[in-house]
1. Which of the residues spanning segment 186-206 are assigned to a helix (DSSP H, G or I) and farther than 21 Å from Ile119 by Cβ?
2. Identify, from the list Leu240, Leu198, Leu248, the residue that is surrounded by 14 or more Cβ atoms within 10 Å (Cβ to Cβ), in the same structural domain as Arg276 (by TED's automatic domain parsing), touching a residue at least 12 places away in the same chain (Cβ under 8 Å) and over 24 Å from Ser50 (Cβ atoms).
3. If Met572 meets every condition in (1) in contact with a helix residue (DSSP H, G or I) (Cβ under 7 Å, 6 or more places away or on another chain); (2) surrounded by 14 or more Cβ atoms within 10 Å (Cβ to Cβ) apart from one, which number is that one?
4. Is there a residue in segment 227-235 that is buried (at least 23 other Cβ atoms within 10 Å of the Cβ) and either over 21 Å from Thr160 (Cα atoms) or modelled with pLDDT of 80 or more (or both)?
5. Mind checking whether some residue in segment 445-468 is surrounded by 14 or more Cβ atoms within 10 Å (Cβ to Cβ) and among the charged types (D, E, K, R)?
6. If the Cβ limit is 7 Å and pairs must be 6+ apart or interchain, which residue in segment 127-145 that is not assigned by TED's automatic domain parsing to the domain that holds Ile186 and among the basic types (Lys, Arg) pairs with which residue that is outside any strand (DSSP E or B) and modelled with pLDDT under 90?
7. Anything in segment 127-170 that is surrounded by 13 or more Cβ atoms within 10 Å (Cβ to Cβ) and hydroxyl-bearing (Ser, Thr, Tyr)? List them, or say none.
8. Does at least one position in segment 287-307 carry a residue that is in a loop (DSSP other than H, G, I, E, B) and among the polar types (S, T, N, Q)?
Amino acid sequence: MNGKNSASRNQGIRRSLDRRILRSTTLNILVLVIVCCVIMAFSLQSLANSILLDSLQPMARQSAKTVEANIHMLADRMMTIAGDSRMNPDAGDEAQGTQLNAASLQASRQEVLTEAAEIYEFYTIALYDLDGGLIQGINHTPESLDSSFFALLKETDNLTTCSSTIFQDTLGITMGMPVKENGETILYLVGVYKYDALDDVLDSINLGKEGMAYMVNREGIVTGHPDEALARAGTTLAQLNGGQKDALDRVTTGETGATEFSIDGEVMLVAFSPIRGTQWSLVIQIPKSDYNHFINGAMLVAILSTLAVLIISILLVLRLARSISRPVKSVTSRMVGLSDGDLHTEVALVHSGDELEIMTKTLDETVESVNRYISDIQQVLTQVAKGNLCVTSQVDYKGDFALIKSSLRTIIKSMNETIVGFSAAASRLTDMSEELSGQSVQLHQASLEQNQSTEELVHEVSRVKERLESVTKSSSQTRAKTEEITQCVQEANTRMDSLSGAMDNISANAQEITKIAKAIEDIAFQTSILAINASVEAARAGTAGKGFAVVANEVKELAAKSAQAAQSATDMVSGTRTIIQTGVELTAETADSLHAISSVSSEINTISDHLVAAVQGQESALVIMEERIETISAIADRNLQNASGTEQSSGLLAREAEALQAQVKKFILKEGRDA
């Protein structure tokens with residue numbers, strides 16, 4: 001099955017190689033040919049334009065010279081007519097001193113004009129004075145000259161050609177020539193030649209199928225054209241060239257040159273040259289399409305030649321492709337077999353003396369080297385699979401293949417180090433499993449103790465919670481009693497305030513009593529004096545006054561008693577005032593004490609509130625602590641279970657460590673061998 005796939009793939013590769021070489025080469029050549037054809041087409045077009053413009057420019061110059069020759073011929077005729085002796089008979093008969101009258105002079109000039117009109121094909125010919133007025137002429141001669149033409153004629157004082165060719169609704173060439181006498185201009189000869197002199201020249205210029213030649217003056221007005229209607233209508237150069245300002249400027253300035261421009265989508269080749277001796281320029285205009293068939297023919301020949309060369313090149317490339325593809329097919333077939341795992345089929349060598357021979361030899365050496373390398377790798381890997389990690393490579397690897405040998409050495413060294421590490425790790429794992437087993441037992445015992453401690457802590461927290469509840473109740477009762485004490489103290493303060501007022505009133509009354517006792521003393525003193533006076537008067541009265549003396553004596557005794565009673569009252573009031581003052585002071589001190597008691601009671605009340613709040617906070621904290629302790633208890637239970645599982649796992653780990661040690665001992669290690 002693999003052989004069939006390889007064969008079909010080889011066949012596809014062979015076909016693909018031939019086709020790719022042929023297709024790529026053909027495509028490259030075809031692209032090159034197309035590019036060359038395009039370049040050649042543009043080059044031919046540009047070259048044709050340059051050649052046509054270069055050839056049209058001398059043609060325009062030569063045609064302008066032809067027109068100049070005709071104009072010069074007409075000018076010579078005008079000079080001949082102006083120099084005719086009959087135009088100035090006085091000059092010819094000056095030696096004889098004869099003079100002709102005006103009639104004879106006019107007749108003589110008329111004769112000259114008539115002969116010139118008959119011989120030289122003038123529309124009209126006439127003589128004008130120095131102011132431009134008509135003197136005499138034939139065939140409907142205008143009465144006066146055109147002002148611009150006359151000014152130019154006077155300025156040049158020589159042969160002058162009018163810039164316009166329109167004369168009385170027809171076409172003609174107007175020329176002027178001064179008639180001189182003794183070197184001085186005496187009149188002007190002006191003649192209008194028939195247009196045929198220019199028309200024949202323009203028609204004689206061979207310009208192809210659609211080409212034409214025409215003349216324009218310095219104002220850009222057409223003065224001569226194969227279509228006389230355009231000249232008579234005063235058509236401008238801008239109308240004929242589609243408004244090409246550059247060409248118009250170059251023509252009207254008397255420049256000689258050539259250019260091209262497009263009129264209604266058609267490319268026109270134009271050459272122009274001034275006609276010397278006139279104010280005209282000759283313009284040659286040829287459609288480029290008149291010469292396209294020559295260009296197209298040349299391009300067709302070039303393309304056919306290129307296609308012939310292309311076919312020959314393709315045949316040569318095909319032959320070269322086959323000479324290259326056959327060895328390449330052989331090499332490709334062997335490479336495909338190599339990719340399918342065929343390391344024994346020999347490579348068909350090619351003796352071509354070039355790179356193909358080197359490629360086949362190199363492939364043969366490569367297959368042989370790969371066979372040798374693979375055999376060595378197989379031997380090394382087989383020994384490694386058997387557990388022998390002391391094996392080494394026996395083949396000399398070349399070039400980049402040396403990396404394989406280095407990699408094998410690195411792999412074996414790494415495996416040795418890994419297995420040694422596994423052995424050490426297994427030993428450490430065994431020790432760790434034993435240590436873990438002991439720690440698991442300790443962890444199990446610690447978990448039991450932690451569980452018991454947690455239960456006792458929960459019980460103790462419950463007892464603290466109960467005590468805090470009793471403290472909360474006592475604090476509430478204390479707060480209530482404190483509030484009662486505060487209320488009683490407030491009532492005592494009120495009564496003490498009333499007592500203090502009463503004591504103040506008693507003190508005021510005592511003062512009044514003192515005043516009354518004083519008044520009584522004064523009365524007793526006055527009464528005593530009265531009693532003495534009464535006794536004196538009774539003694540004076542004698543016996544009659546004995547009764548009055550007894551009364552006076554009684555009054556005196558009564559006054560003494562009254563004074564004594566008043567003094568006793570004063571002494572008593574003074575003592576009472578002292579007692580009352582002491583009572584007032586004691587009352588004030590008692591009021592201050594009651595206020596202090598009230599303040600202390602308020603503080604006790606505040607402290608009781610804080611104590612209640614603190615107890616409530618402690619209760620909340622105890623609730624949270626109780627929940628945390630329950631969580632810790634649950635964790636302790638899980639730790640207890642995990643400790644049991646860890647103890648079992650440590651046993652399994654010990655057994656796995658023993659199994660790993662047994663597997664490691666199967667490998668033959670360099671370290672162990674050296675030891």
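1. Within segment 186-206, the first condition is being assigned to a helix (DSSP H, G or I), and the residues that meet it are 196-204.
Those that are assigned to a helix (DSSP H, G or I) and farther than 21 Å from Ile119 by Cβ: Leu202, Asp203, Ser204.
2. Answer to the selection: Leu198.
3. Here Met572 meets the rest and fails (1).
4. As a first pass, look at segment 227-235 and keep what is buried (at least 23 other Cβ atoms within 10 Å of the Cβ): 231.
Filter again for either over 21 Å from Thr160 (Cα atoms) or modelled with pLDDT of 80 or more (or both), leaving 231.
Yes, there is a match, as at least one residue in segment 227-235 is buried (at least 23 other Cβ atoms within 10 Å of the Cβ) and either over 21 Å from Thr160 (Cα atoms) or modelled with pLDDT of 80 or more (or both).
5. Within segment 445-468, one or more residues are surrounded by 14 or more Cβ atoms within 10 Å (Cβ to Cβ) and among the charged types (D, E, K, R).
6. Close Cβ pairs satisfying both conditions: none exist.
7. Across segment 127-170, the qualifying residues are Tyr128, Thr141, Thr160, Thr161, Ser163, Ser164, Thr165, Thr170.
8. Of segment 287-307, the ones in a loop (DSSP other than H, G, I, E, B) are none.
No, that holds for no residue.
The values are calculated or read from the model by the stated rules, or taken from the named source; none is laboratory data. Please read all numbers here as calculations on a predicted model, not as lab measurements. Using ideal geometry, Cβ is built from the backbone for each residue, glycine included, and neighbour counts are taken over all protein chains shown.
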